[in-house]
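Structure record follows, encoded as structure tokens.
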Amino acid sequence: MNNSTVNPAQSTTPNTIQPQEMKKEVETMNSPQAKEQETQTENRVDIPGNNFNRPAQPMASQPVSRPSYPGSYPGASTPSYSPQPAGRAESEGRKLVIGQGISLSGEIESCDYLIVEGTVEAALKGASNMDISESGAFYGTVEIESATIAGRFEGDITVNGRLTVQSTGTIIGSVTYKELQIEAGAMIEGSVMPFDSQGANRTSKKTMKTTKAKVQQDNHAELPFADKAAS
């Protein structure tokens with residue numbers, strides 16, 4: 001039996017941890033960074049997968065901004081509001097329209113704007129404006145600020161402002177005015193007197209009283225000018 005000698009330098013021995021290396025490892029485990037990492041690992045909860053897990057969806061694109069109210073689209077202009085004067089709004093609120101084919105008789109008061117398209121037999125006082133259309137006819141007395149006549153007028157009219165007689169207009173009776181405008185083709189038959197002439201106011205008031213009495217008497221009777229208006 002051969003005796004073999006073992007060289008201590010060639011023998012294999014398990015690795016041993018030196019005291020210095022063990023000290024370094026303990027210091028590393030006790031460092032603040034290691035403790036914080038260990039705490040995060042303990043607090044983490046693993047959620048097991050299931051069949052209801054949805055695949056990750058892409059980030060939604062930013063929604064397109066829409067205008068909050070109609071008219072706010074780019075390029076749309078907001079209409080400006082300009083209120084009407086109080087006097088004009090009140091005048092239009094007290095407007096009386098006598099439509100075509102309608103007949104009216106009596107007294108007309110508290111009316112700022114009278115439009116005559118039919119037939120009227122009345123005493124009009126205290127109004128601001130009167131328009132008689134081509135199909136309209138007025139029989140009676142009128143005291144007004146301004147008037148435009150394109151149809152037929154018979155009676156006495158006193159205009160404190162401008163009286164306009166259009167080419168299709170006809171006036172038969174007494175006319176007292178401050179300003180007068182007559183278009184070619186218009187017809188005026190009767191007395192025409194400027195407003196600032198002597199006796200103009202007396203004539204107007206006297207005629208107004210006479211006509212109002214006649215209108216009150218015939219208020220429920222047929223219009224005496226119905227045949228003329230029909231013709």
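Nothing in this text is a laboratory measurement; each read-out follows from the coordinates by a stated rule. Keep in mind it's a predicted model, so treat the numbers as computed, not measured. Quick reminder, even Gly has a Cβ in these numbers, built from the backbone with ideal geometry, and neighbours come from all protein chains shown.
Arranged from highest to lowest average of other beta-carbon atoms within 10 Å per residue, in what order do the peptides 161-168, 113-120, 187-194 appear? It would help to have the intermediate numbers written out before the result.
Numbers: 161-168: 17.8, 113-120: 22.4, 187-194: 13.8.
Packing order, densest peptide first, comes out as 113-120, 161-168, 187-194.
Taking a Cβ cut-off of under 9 Å around LEU163, the surrounding Lys, Arg, Asp and Glu residues balance to a net charge of +1, with basic ones at +1 and acidic ones at -1. The H on the amide N of LEU104, modeled in the peptide plane, is under 5 Å from the matching H of THR119, VAL120, GLU121, each at least 5 residues off or on a different chain. Residue by residue, segment 147-157 carries 3J(HN,Hα) couplings of 8, 10, 10, 10, x, 10, 10, 10, x, 10, 10 Hz when phi is fed to the Karplus relation 6.51 cos²θ - 1.76 cosθ + 1.60 (θ = phi - 60°); x denotes Gly or Pro. Amide H to amide H, with H built 1.01 Å from N, LEU96 comes under 5 Å of TYR113, LEU114, ILE115, counting only residues 5 or more places away or on other chains.
Taken one residue at a time, the phi angles of segment 175-184 give Karplus couplings (6.51, -1.76, 1.60, θ = phi - 60°) of 10, 10, 9, 9, 10, 10, 10, 10, 8, 5 Hz. Gly and Pro are set to x.
The charge dipole of segment 109-154, taken about its Cα centre with unit charges on the Cβ atoms of Lys, Arg (+1), Asp and Glu (-1) only, comes to about 60 debye.
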